[in-house]
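*Asks:* Could you have a look at this structure, given as C-alpha cells, before my questions?
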Amino acid sequence: MDRPFNTRKFKPEDLNQVIYINQICLPENYSTHFFIELYNNFPETFIVAEEEEKVVGYIMCRIESGFSGLGLIKRGHVVSIAVLPGYRRKGIGGALLKEALHAMAAHYNVKECYLEVRVSNVPAINLYRKIGFRIDRVIRGYYANGENAYLMSIKLD
Ligand code: ACO
Ligand code: ZN
C-alpha cells in the first residue's frame, strides 16, 4: 500500500482535531455532545484519516430505520465528511467514504446509504457520484442560508 495516509476508527482523543476540521471545512458545526453521541451509537462508521500521525479528515454517520417499498429497512446516513484543505484531492475523502459504506454493510446490516449535499458543492457531489451515489431529488431550502440540497443515495450489496 503506497498511499501516504491511512484510515482507522475514531477514538475519543481525536475529538478536538475532528471538531477543528469540521469548523475549518463546513458551515454546519455541532456540539461536542453530538460528536460523542454519534461515536457512542455508531462507532464502526466514525472513521478518521491520518497522515504522518495527524488526523486530517473524518466521516461520521448514523444508522436509521425507515420504510421503503420492501418494508422497514435500515439506512445509513452520512452526517458529515471533511478533509483539511491542504490534504484534498489525493483520495482521502473517497477512502473515508468507501470505508464507512463497507462498515455500514458489515456491522449494521445496512442496505442503502443516503446523504444531503449543497447543490453548489461540486467537489463533494463529484466525490459521491464517483463512488456510485445517485441524485434522488432536491430538498428546497435545506440549509440555514436557504440553499437547496441534493438528496443522494447508493444501494449497498
Ligand atoms: N473539484 C471537482 N471534483 C472534485 C474536487 C474538486 N475540487 N474534489 C474532489 N472531487 C471529486 C473528483 O471526482 C475526485 O476524483 P479525482 O481526484 O480522481 O478527480 C473525487 O471527488 C475524489 O476526491 P478525493 O481526493 O477522494 O476527495 P478529497 O479528499 O479531496 O475530499 C471532500 C473531498 C471531503 C468533499 C473535500 O473537498 C472537503 O472536505 N470539502 C469541504 C467539506 C465538504 O464539503 N464536505 C461534504 C459536505 S456534504 C456531507 O458532509 C454529507
Ligand atoms: Zn444529513
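The values are calculated or read from the model by the stated rules, or taken from the named source; none is laboratory data. Here the structure is a predicted model, which means the values were calculated and not measured. Cβ: placed from backbone, ideal geometry, glycine included. Neighbour counts: every protein chain shown. Heads up: the accessible areas ignore ligands, DNA and RNA and are worked out on the full protein's heavy atoms, side chains in. Shrake-Rupley method; radii C 1.70, N 1.55, O 1.52, S 1.80 Å.
*Asks:* Listed residues N109, N126, N121, N40; which is within 16 Å of ligand 2 (Cβ to nearest atom) and more than 10 Å from the chain's Cα centre (by Cα)?
*Replies:* Working: N109 fails: within 16 Å of ligand 2 (Cβ to nearest atom); N126 fails: within 16 Å of ligand 2 (Cβ to nearest atom); N40 fails: within 16 Å of ligand 2 (Cβ to nearest atom).
Unique residue meeting the criteria: N121.
*Asks:* In segment 54-80, what count of residues is obtained for those that are open to solvent by 20 Å² or more (accessible area, probe 1.4 Å) and either within 12 Å of C113 (Cβ to Cβ) or touching a helix residue (DSSP H, G or I) at 6+ places or on another chain (Cβ under 6 Å) (or both)?
*Replies:* Within segment 54-80, residues that are open to solvent by 20 Å² or more (accessible area, probe 1.4 Å) and either within 12 Å of C113 (Cβ to Cβ) or touching a helix residue (DSSP H, G or I) at 6+ places or on another chain (Cβ under 6 Å) (or both) number 7.
*Asks:* Which residue pairs have Cβ atoms under 8 Å apart, sit 6 or more places apart or on different chains, and have a first residue in segment 69-95 that is near ligand 1 (Cβ under 6 Å from one of its atoms) and a second that is open to solvent by 10 Å² or more (accessible area, probe 1.4 Å) and modelled with pLDDT under 95?
*Replies:* Close Cβ pairs (under 8 Å, with a partner that is open to solvent by 10 Å² or more (accessible area, probe 1.4 Å) and modelled with pLDDT under 95) amount to K90/R3; K90/P4; G91/R3.
*Asks:* Follow-up question, since we're still on this one. Scan segment 49-90 residue by residue and report those that are over 22 Å from L151 (Cβ atoms), part of a loop (DSSP other than H, G, I, E, B) and either of a type outside the set (D, E, K, R) or within 16 Å of ligand 2 (Cβ to nearest atom) (or both).
*Replies:* The answer is L84, and nothing else.
*Asks:* Please list, ordered by first then second residue, the pairs with beta carbon atoms under 8 Å, 6 or more apart or interchain, first in segment 1-15 and small (G, A, S), second modelled with pLDDT under 95.
*Replies:* Short answer, once both residue conditions are applied: none.
*Asks:* Quick check on my filter: what residues within segment 120-155 are assigned to a loop (DSSP other than H, G, I, E, B) and out of contact with any strand residue (DSSP E or B) (no Cβ under 6 Å at 6 or more places or on another chain)?
*Replies:* Of segment 120-155, the ones assigned to a loop (DSSP other than H, G, I, E, B) are 120-121, 132-133, 140-148.
Residues satisfying the conditions are S120, N121, R140, G141, Y143, A144, N145, G146.
*Asks:* State which residue is farthest from K54 (Cα to Cα) when the search covers only segment 6-24 and only residues that are part of a strand (DSSP E or B) and under 16 Å from the mean Cα position of the chain (by Cα). If you could, list the steps in order and put the result at the bottom.
*Replies:* As a first pass, look at segment 6-24 and keep what is part of a strand (DSSP E or B): 6-9.
Filter once more, keeping what is under 16 Å from the mean Cα position of the chain (by Cα): 7-9.
Numbers: T7: 11, R8: 12, K9: 14 Å.
Among them, the one singled out is K9.
*Asks:* Additional query: Filter segment 24-45 down to the residues that are more than 13 Å from ligand 1 (Cβ to nearest atom) and aromatic (F, W, Y), then identify the one that is farthest from G94 (Cα to Cα).
*Replies:* Checking each candidate, the answer is F34.
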